[in-house]
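Please read the structure below before turning to the comments.
The values are calculated or read from the model by the stated rules, or taken from the named source; none is laboratory data. Because the structure is a prediction, the values reported are computed rather than measured. All Cβ positions, even for glycine, are placed from backbone atoms using ideal geometry, and neighbour counts span all protein chains on display.
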Amino acid sequence: MSQGDFSGMRRPTYIFLSALLGMLLFLILHRVVVFFVMAGIYFNAAEGFLGLNYLQFLAWDYLTLILVLMLGAWYGIWVGSYWYDKVYESKIHGGFLSHLAGLRRQELKREDLGQKLDELSENIQEEIWELDQLSKAAAKAPRTPRVIKRRVVKKRAPKKSV
């Protein structure tokens with residue numbers, strides 16, 4: 001299959017993989033928090049930690065896990081669509097490999113582009129004015145005919161062989 005066959009699948013695949021990455025990131029953060037809460041429950045077992053016993057904590061853990069995975073998927077979809085637009089559609093960013101290689105494209109904002117166009121317009125106007133002045137000065141200058149000296153070319157006769 002050629003690359004053209006998969007061109008319609010690039011965006012959904014990119015967003016799906018970003019959603020998975022977001023879910024994994026949020027899952028890791030959730031598990032780190034749960035680890036410290038479990039340690040608090042374990043070390044403060046006599047008093048209770050945050051007023052939770054173990055079964056209440058498991059219910060809280062399950063509900064927050066579902067919430068965290070949904071937030072991670074939402075975050076991944078948002079990040080995937082944002083970066084897909086930057087990398088593939090507007091081509092502002094060169095992608096991951098060019099980022100690693102340090103080959104970053106210069107991002108031009110509309111204000112910068114407008115300012116550069118104004119500067120170029122002013123430079124062009126100044127150069128047109130100078131060119132107009134030079135052409136007027138050249139038209140006023142007297143023209144003297146150039147004297148062309150003719151060269152006399154002597155042809156040598158071929159050598160006779162004896």
Exercise for the section: Note down all Cβ pairs under 9 Å where the first residue falls in region 8-36 and is more than 19 Å from Gly80 (Cα to Cα), the second is in a helix (DSSP H, G or I) and polar (S, T, N, Q), and they're at least six residues apart or on different chains. Expected result: His30/Thr64; Val33/Thr64; Val34/Thr64
Fill in the blank from the handout: Of the residues in region 60-91, those that are of a type outside the set (Phe, Trp, Tyr) and out of contact with any Leu (no Cβ under 9 Å at 6 or more places or on another chain) number 15
Completion exercise
Among helices (runs of 4 or more DSSP H) entirely inside region 1-111, those with 3 or more residues being at pLDDT 95 or above are 10-43, 54-84
